[in-house]
Every structure is written in structure tokens, then in C-alpha cells.
Amino acid sequence: MLLCSVTHNAWAQDTVQIYAFVNQLYNPGATFRLNIFKSDWGNFLLRKPYLIDETICAKIKNADVSDTTSEVSFAHWTETPKEVVAELYQHCRALDRLWQHRFLWQQAKVQKYLLVDHAKDKIPATVLDKLSLNAQEKATVRKHILDWNKTAIADRLINYCSIPVFTDDGNYALIVIGQDVRSEGGWDSIFIFKKTKGQWLRLDMLRLSEI
């Protein structure tokens, strides 16, 4: 219970750490897109985070969701120290589900992505007023908005991600990331990142599904 209480308070209040991590997933060397997504048209993010639940915890453990007795080896995580995976797993299990349901990404704090609630959304140009972008970036985003609005709903690509889960020392993070296009399907994966010299670098990945 102590872990749950401490974890909930830290993650529910320390949104600075959460947003700093998510915004660093943006690749400044690319053209306004996420550097770990397959598509270049990758700057539309679902406002509702993906839920880290018992199913995801079971995937981290590499066991059936109903299996609570088998030994946890984390053998499928080949690049991450097992004690780190074990800590992330415990934090994911303790993560407050109700808080996750209530959490929504905020446009003013997610500067590199355009937030949408559904593929049916029509994005107003006024969203640019909430983003701290230079003139060139605004022109690029304006074009993406126009492209989104004129694209058939079934062909609109949406990115989604969970709230990141951190180790106590703040040097490792676990997050679920995916993409979906109604007409084609989608993919998602669990990623583990390591902070190296102030930058978050991808360390490990477990594929959940793919097109």
C-alpha cells in the first residue's frame, strides 16, 4: 500500500516530469514528427492516454494476465537490467487506474503534437495560438491541420501513448506508444528509455501488435 500511495502522489502531481519526457520524444532533426513512429505524418496525438492496466503488466512480465503465481524473469527484455524492469513492473502495477482515466494531455504543455479526441475531430487553426512555435514551424503545422481536415476520417492517422512510468531514480521510463488508422489498422509497443546525458534514449522494446 505504501508503494501505491507514494507512486500515486508522485505521478499524479509531478506532471513536469511527465511532460518533459513526452516532449523529448519529439525529434528536433525531423519535420515535426515523432522519431519512433513509423509514419512521417505523426504529429496528431490522442488526448486520452493509453491505459496501463493488468494486461500491460502481464505483457511486461511475459505471462498470461490471470497468471499470478509464475516466476517473473523478464527474459524478453534483453537490453534493460532485470532489476530495472522489475521496478518498472511494480510501479505499473501500483499506478492508480482512476487517476489514469482522469488524466488528459494538455495542448499548452504538449508543444510538439496536435491533440485530438477522435478521428472525427475537425482541428481549428486557432490551436496554433496554444503552441510555442516559430514562423516556419507554424507554417508546417498549419499545412498538417489542412491535410488532416480534408482527409477522409478512416484515413486519418492518430498516435497514442500512455503516461510514462519512471524508476525512483528518474533514469529509466516505460511507456506504451502506438498508431492507428481506421482503414489500415495500427501497431503498438512497450518501450523502455534510459536517460543518458540529459537525453532520453530508447533502450528496449516489446511489440504488442502491428499492421
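The values are calculated or read from the model by the stated rules, or taken from the named source; none is laboratory data. Just so we're clear, the structure is a prediction, and the values are computed from it rather than from any experiment. Neighbour counts are summed over all protein chains in view; Cβ atoms, including those assigned to glycine, are modelled from backbone coordinates with ideal geometry.
Could you tell me which of the residues SER162, SER183 is of a type in the set (Gly, Ala, Ser) and over 18 Å from ARG93 (Cα atoms)? Exactly one residue qualifies, and that residue is SER183. Taken together, HIS144, HIS101 contain a single residue that is assigned to a helix (DSSP H, G or I), within 15 Å of the chain's Cα centre (by Cα) and surrounded by 11 or more Cβ atoms within 10 Å (Cβ to Cβ), which is HIS101.
Considering the stretch 1-60, the residues that are out of contact with any His (no Cβ under 7 Å at 6 or more places or on another chain), part of a helix (DSSP H, G or I) and among the polar types (S, T, N, Q) include one that is modelled with the lowest pLDDT, namely SER5.
Tell me yes or no: at least one residue of the stretch 148-156 is within 19 Å of the chain's Cα centre (by Cα), in a helix (DSSP H, G or I) and surrounded by fewer than 11 Cβ atoms within 10 Å (Cβ to Cβ). Within the stretch 148-156 (the criterion being within 19 Å of the chain's Cα centre (by Cα), in a helix (DSSP H, G or I) and surrounded by fewer than 11 Cβ atoms within 10 Å (Cβ to Cβ)), the answer is no, since none of the residues qualifies. When you look at VAL127, is it surrounded by 12 or more Cβ atoms within 10 Å (Cβ to Cβ) and farther than 13 Å from ARG47 by Cα, yes or no? The answer is yes for VAL127. Here the stretch 189-211 is the region considered, the condition is being polar (S, T, N, Q) and within 20 Å of LEU51 (Cβ to Cβ), and the residue that is nearest to the chain's Cα centre (by Cα) is SER189.
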